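Chemist: One structure is given below, represented as structure tokens, and several questions about it will come after.
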Amino acid sequence: MVLTACSGSQPESIASGQPTIVSLNPCADAILAEIAAPGQLLAISHYSHDPAASSMLAAEAARFATTGGTAEEVLALAPDMVVADAYIPPATRRALEQAGIVVESVGMAGSLEDSLAQIEALGAVTGNAPRADALSRQIAESWAAHRWDGRPVSALLWQQGGIVPGETSLAHKLLAQAGFASHSAARGMGQGAYLPLERVLADPPQVVIATAKERAADHPAMDMASDTVRFELDPTLLYCGGPTIPRALERLGEIRRAVG
């Protein structure tokens, strides 16, 4: 891949051939913050400065400037590369590419393998393969360390709006790794399916793990499901893979140990 040099001198910490980067993808933000050389990551997406939307720790995100994702903001920073998602507006992509900026797209990770592949790809295109390899090893080691070898417990992961994860989602695989069997998947419910309170009460799981914004989990009617244990999960742990995976597994592991 040929990268267009940005105007002006690059920071001394950036090696020859390493592109300067602006990230418009909140999931890529967290990866790039870990693997980029000092001074290489010029800005991250504005989502990562919003505690309710960011998968990054606040102190880590605060180290970087942000953009609203417009072509004008990005062009003003004159990066060599932009990392976006698959939904970048065609007009924005076209404006960036016409300015000689390389645009890389990163999708959603549906598994550990997907996430590690994304890290490897970003390491390759940004000239940070060794840092990417080190991050991948840390995540893979955490995944292995949090494997639950005992009997799985039926758990409903109830996300904002009453939706549930499907079997192809990373959230589903995180549950399984931590020792839970998906209550919704066992009933044939796919990714993003809506599960109303009435159905939960009619067929209660052993455990409900609700994100902080799913208010139905705190409905007084849930007290009728006396044998169901309820826990709360920070929804930001489910937005992305990458460096979020160890923190998500740590919290799910705490819940699994509390269940016994």
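The values are calculated or read from the model by the stated rules, or taken from the named source; none is laboratory data. Everything quoted here is computed from the prediction, not taken from an experiment. Here Cβ is always computed from backbone atoms with ideal geometry, including for glycine, and neighbour counts include all displayed protein chains.
Chemist: Residue by residue through segment 93-114, note down the ones that are touching a strand residue (DSSP E or B) at 6+ places or on another chain (Cβ under 9 Å) and in contact (Cβ under 8 Å) with a residue 12 or more places away in the chain.
Modeler: Listed by number, the residues that qualify are Leu96, Ile101, Val102, Val103, Glu104, Ser105, Val106.
Chemist: In this structure, is Gln138 surrounded by fewer than 18 Cβ atoms within 10 Å (Cβ to Cβ), in contact with a Pro (Cβ under 8 Å, 6 or more places away or on another chain) and touching a residue at least 60 places away in the same chain (Cβ under 8 Å)?
Modeler: Details: surrounded by fewer than 18 Cβ atoms within 10 Å (Cβ to Cβ): yes; in contact with a Pro (Cβ under 8 Å, 6 or more places away or on another chain): yes; touching a residue at least 60 places away in the same chain (Cβ under 8 Å): yes.
Spelling it out, Gln138 is indeed surrounded by fewer than 18 Cβ atoms within 10 Å (Cβ to Cβ), in contact with a Pro (Cβ under 8 Å, 6 or more places away or on another chain) and touching a residue at least 60 places away in the same chain (Cβ under 8 Å).
Chemist: Continuing with the same structure: Taking the condition in the same structural domain as Pro26 (by TED's automatic domain parsing) and under 15 Å from Leu41 (Cα atoms), does Ala99 pass? Steps first, answer last, please.
Modeler: On the way: in the same structural domain as Pro26 (by TED's automatic domain parsing): yes; under 15 Å from Leu41 (Cα atoms): no.
Criteria not met by Ala99.
Chemist: Within segment 37-57, can you find the residues that are under 26 Å from Glu120 (Cβ atoms) and part of a helix (DSSP H, G or I)?
Modeler: Result: Tyr47, Ser48.
Chemist: Do any residues in segment 148-164 that are more than 16 Å from Val229 (Cα to Cα) have Cβ atoms under 6 Å from those of residues that are loosely packed, with under 14 Cβ neighbours inside 10 Å, where the two are at least six apart or on different chains, and which pairs are they?
Modeler: Gln160/Lys213; Gly162/Tyr194; Ile163/Gly192; Ile163/Tyr194
Chemist: In segment 75-96, which residues are charged (D, E, K, R) and outside any loop (DSSP other than H, G, I, E, B)?
Modeler: Hits for segment 75-96 are Arg93, Arg94.
Chemist: Identify the single condition in (1) free of Cβ contacts under 8 Å to residues at least 40 places away in the same chain; (2) in a loop (DSSP other than H, G, I, E, B) that Ala117 does not satisfy, given that it satisfies every other one.
Modeler: Checking Ala117 against (1) free of Cβ contacts under 8 Å to residues at least 40 places away in the same chain; (2) in a loop (DSSP other than H, G, I, E, B), the one that fails is (2).
Chemist: Of the numbered conditions (1) hydroxyl-bearing (Ser, Thr, Tyr); (2) modelled with pLDDT of 95 or more; (3) closer than 23 Å to Pro243 by Cα, Thr92 satisfies every one except a single condition; which is it?
Modeler: (3)
Chemist: Another question about this same structure. For the list (1) assigned to a strand (DSSP E or B); (2) touching a Leu at 6+ places or on another chain (Cβ under 9 Å), I need the number of the one condition that Ser154 fails.
Modeler: (2)
Chemist: Given Glu60, Glu34, Glu72, which one is surrounded by fewer than 16 Cβ atoms within 10 Å (Cβ to Cβ), among the charged types (D, E, K, R) and either part of a helix (DSSP H, G or I) or touching an Asp or Glu at 6+ places or on another chain (Cβ under 7 Å) (or both)?
Modeler: Values: Glu60 fails: surrounded by fewer than 16 Cβ atoms within 10 Å (Cβ to Cβ); Glu34 fails: surrounded by fewer than 16 Cβ atoms within 10 Å (Cβ to Cβ).
After applying the criteria, what remains is Glu72.
Chemist: If Pro204 satisfies all but one of (1) modelled with pLDDT of 90 or more; (2) in contact with an Asp or Glu (Cβ under 8 Å, 6 or more places away or on another chain); (3) not in a strand (DSSP E or B), what's the number of the condition it fails?
Modeler: (1)
Chemist: Shifting gears a bit: Can you tell me which residue in segment 147-170 is nearest to Leu252 (Cα to Cα), limited to those that are of a type in the set (A, V, I, L, M, F, W, C) and surrounded by fewer than 21 Cβ atoms within 10 Å (Cβ to Cβ)?
Modeler: Trp148
Chemist: Kindly evaluate Ala15 against the criterion of being at pLDDT 90 or above and not assigned by TED's automatic domain parsing to the domain that holds Pro246. Spell out the reasoning first.
Modeler: Numbers: at pLDDT 90 or above: no; not assigned by TED's automatic domain parsing to the domain that holds Pro246: yes.
Spelling it out, it is not the case that Ala15 is at pLDDT 90 or above and not assigned by TED's automatic domain parsing to the domain that holds Pro246.
Chemist: Okay, moving on. Given the criteria out of contact with any helix residue (DSSP H, G or I) (no Cβ under 7 Å at 6 or more places or on another chain), more than 29 Å from Lys173 (Cβ to Cβ) and among the aliphatic types (A, V, I, L, M), does Ala62 qualify?
Modeler: Details: out of contact with any helix residue (DSSP H, G or I) (no Cβ under 7 Å at 6 or more places or on another chain): yes; more than 29 Å from Lys173 (Cβ to Cβ): yes; among the aliphatic types (A, V, I, L, M): yes.
It is true that Ala62 is out of contact with any helix residue (DSSP H, G or I) (no Cβ under 7 Å at 6 or more places or on another chain), more than 29 Å from Lys173 (Cβ to Cβ) and among the aliphatic types (A, V, I, L, M).
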